[in-house]
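The values are calculated or read from the model by the stated rules, or taken from the named source; none is laboratory data. No experiment lies behind these values; they were computed from the predicted model shown. Here the Cβ positions follow ideal geometry from the backbone for every residue, glycine too, while neighbour counts run over all protein chains shown. Accessible surface areas use protein heavy atoms only, side chains included; no ligands, DNA or RNA. Shrake-Rupley method; radii C 1.70, N 1.55, O 1.52, S 1.80 Å.
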Amino acid sequence: MPNAEPLLIVGSIAFDDLDMPSGTFRDVLGGSSTYSSLAASLFSPARVVGVVGSDFPEAHLDAMRTRNIGTDGVERVAGKTFRWHGKYSADLSSRTTLDTQLNVFADFRPKIPASYRASPFVLLGNIHPSLQIDVLDQIERPRLVAADTMNFWIASEPQKLGEMLGRIDLLIINDEEARQLSGIQNLCKAASDIRKRGPSHLIIKQGEHGALLFDKGGTFFVPAYPLEEVTDPTGAGDTFAGALVGYLARRSSSIDSPHALRRAMFFASALGSFCVEDIGPKRLLTLTRVDVASRIDAFRALVDFGGSLALD
Ligand code: AMP
């Protein structure tokens with residue numbers, strides 16, 4: 001695609017320990033920017049900014065580089081890589097964080113390489129809202145800034161989070177986070193409240209129940225692709241966000257161009273459905289554009305009702 005534009009992604013790079021109903025998996029490559037960049041790079045050149053410790057295998061970074069992901073912004077510092085330990089319920093519908101070890105992530109201050117500062121598309125992964133603001137202060141005004149956050153920051157850093165919301169175009173969060181952020185149970189009302197705080201566009205993810213978009217064009221919904229086997233939902237949200245912004249960057253789309261964001265949501269949901277098929281980012285590491293195209297075809301069939309919806 002001749003006008004595919006680069007996409008800057010800031011977030012965690014991690015080792016995950018996963019307790020799944022199917023078994024336990026240790027030292028799995030993880031982190032929000034890992035998932036987001038693997039998904040985004042199927043569409044556009046992705047540039048990752050993050051930190052790893054001395055224990056992080058260079059082979060993981062090599063794997064990212066071979067998939068069109070720039071790693072010049074990944075700092076390696078002495079110490080241990082960020083580690084997250086999660087345990088899933090038997091039906092995979094919920095998970096508990098057993099342990100979070102910030103390690104080198106505790107002192108992380110994103111440094112945006114000079115060559116990344118004019119990135120036209122930016123995805124601020126789930127990190128401290130002050131760091132998300134710090135990233136925006138270091139770059140030229142991008143065409144689109146999307147951000148994620150989590151319950152922890154909503155509860156502990158409301159002021160900084162509020163400041164961050166005032167500087168982004170698109171917020172991508174899940175339903176629980178939307179309710180917590182707004183203090184409103186009804187998602188449509190919660191969305192109006194959140195959009196008044198800054199982001200003109202809001203996506204609320206609902207896991208296996210799909211995702212809702214709220215913007216000036218109204219409300220839009222994309223389903224999650226129904227799968228017979230779900231192996232590991234870790235990273236599906238980050239994958240969704242990476243694919244979404246990667247797709248917009250590929251088409252050099254303005255977030256306000258009619259239907260661009262709606263189409264991007266199908267690609268985001270398609271990539272999310274691949275992510276959950278295997279442990280960690282394993283499926284994303286082998287995914288091809290042909291695979292993506294065939295799932296998009298399946299999606300088209302899923303929502304094709306064969307004609308008009310006229311009542312008479
Ligand atoms: P998701 O399933 O989309 O919520 O993303 C899971 C990924 O988020 C895992 O790979 C974790 O390494 C990463 N993660 C978990 N907790 C945090 C945190 N507090 N800050 C940044 N990344 C995290």
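Taken together, the criteria exclude residue 86 from residues that are of a type outside the set (A, V, I, L, M, F, W, C) and not in a strand (DSSP E or B).
The lone criterion from (1) away from the ligand (no atom under 16 Å from the Cβ); (2) open to solvent by 60 Å² or more (accessible area, probe 1.4 Å); (3) within 28 Å of residue 229 (Cα to Cα) left unmet by residue 58 is number (3). Per this entry, residue 231 is counted among residues that are under 30 Å from residue 19 (Cα atoms) and either open to solvent by 50 Å² or more (accessible area, probe 1.4 Å) or touching a helix residue (DSSP H, G or I) at 6+ places or on another chain (Cβ under 9 Å) (or both).
Looking only at residues of the range 89-107 that are more than 10 Å from the ligand (Cβ to nearest atom) and assigned to a loop (DSSP other than H, G, I, E, B), we find that the one that is surrounded by the most Cβ atoms within 10 Å (Cβ to Cβ) is 92. The set of residues in the range 63-83 that are surrounded by 15 or more Cβ atoms within 10 Å (Cβ to Cβ) and among the hydroxyl-bearing types (Ser, Thr, Tyr) comprises 71, 81.
Within the range 114-144, count every residue that is in a loop (DSSP other than H, G, I, E, B) and either within 16 Å of the ligand (Cβ to nearest atom) or in contact with a Gly (Cβ under 9 Å, 6 or more places away or on another chain) (or both).
Final tally of qualifying residues: 4.
At least 2 residues being within 20 Å of the chain's Cα centre (by Cα) and not aliphatic (A, V, I, L, M) is the threshold, and among the strands (runs of 3 or more DSSP E) wholly inside the range 18-79 those reaching it are 46-52, 69-76. All told, residue 86 falls short of being away from the ligand (no atom under 12 Å from the Cβ) and surrounded by fewer than 20 Cβ atoms within 10 Å (Cβ to Cβ). Are any of the residues in the range 170-179 farther than 25 Å from residue 140 by Cβ, of a type in the set (A, V, I, L, M, F, W, C) and part of a helix (DSSP H, G or I)? Checked the range 170-179: at least one residue is farther than 25 Å from residue 140 by Cβ, of a type in the set (A, V, I, L, M, F, W, C) and part of a helix (DSSP H, G or I).
Among 181, 213, 202, 161, which is more than 23 Å from residue 269 (Cβ to Cβ) and of a type in the set (A, V, I, L, M, F, W, C)?
Details: 181 fails: more than 23 Å from residue 269 (Cβ to Cβ); 213 fails: more than 23 Å from residue 269 (Cβ to Cβ); 202 fails: more than 23 Å from residue 269 (Cβ to Cβ).
Being more than 23 Å from residue 269 (Cβ to Cβ) and of a type in the set (A, V, I, L, M, F, W, C) holds for just one of 181, 213, 202, 161, which is 161.
Within the range 1-17, restricting attention to residues that are in a strand (DSSP E or B) and open to solvent by 10 Å² or more (accessible area, probe 1.4 Å), the residue that is farthest from the ligand (Cβ to nearest atom) is 17. Residues considered: 261, 309. Of these, the only one that is more than 16 Å from the ligand (Cβ to nearest atom) and open to solvent by less than 50 Å² (accessible area, probe 1.4 Å) is 261. Within the range 171-194, is there a residue that is modelled with pLDDT of 95 or more and either closer than 26 Å to residue 3 by Cα or of a type in the set (Phe, Trp, Tyr) (or both)? Scanning the range 171-194 turns up at least one residue that is modelled with pLDDT of 95 or more and either closer than 26 Å to residue 3 by Cα or of a type in the set (Phe, Trp, Tyr) (or both). Residue check: is residue 111 closer than 24 Å to residue 7 by Cα, open to solvent by 50 Å² or more (accessible area, probe 1.4 Å) and assigned to a loop (DSSP other than H, G, I, E, B)? Criteria met by residue 111.
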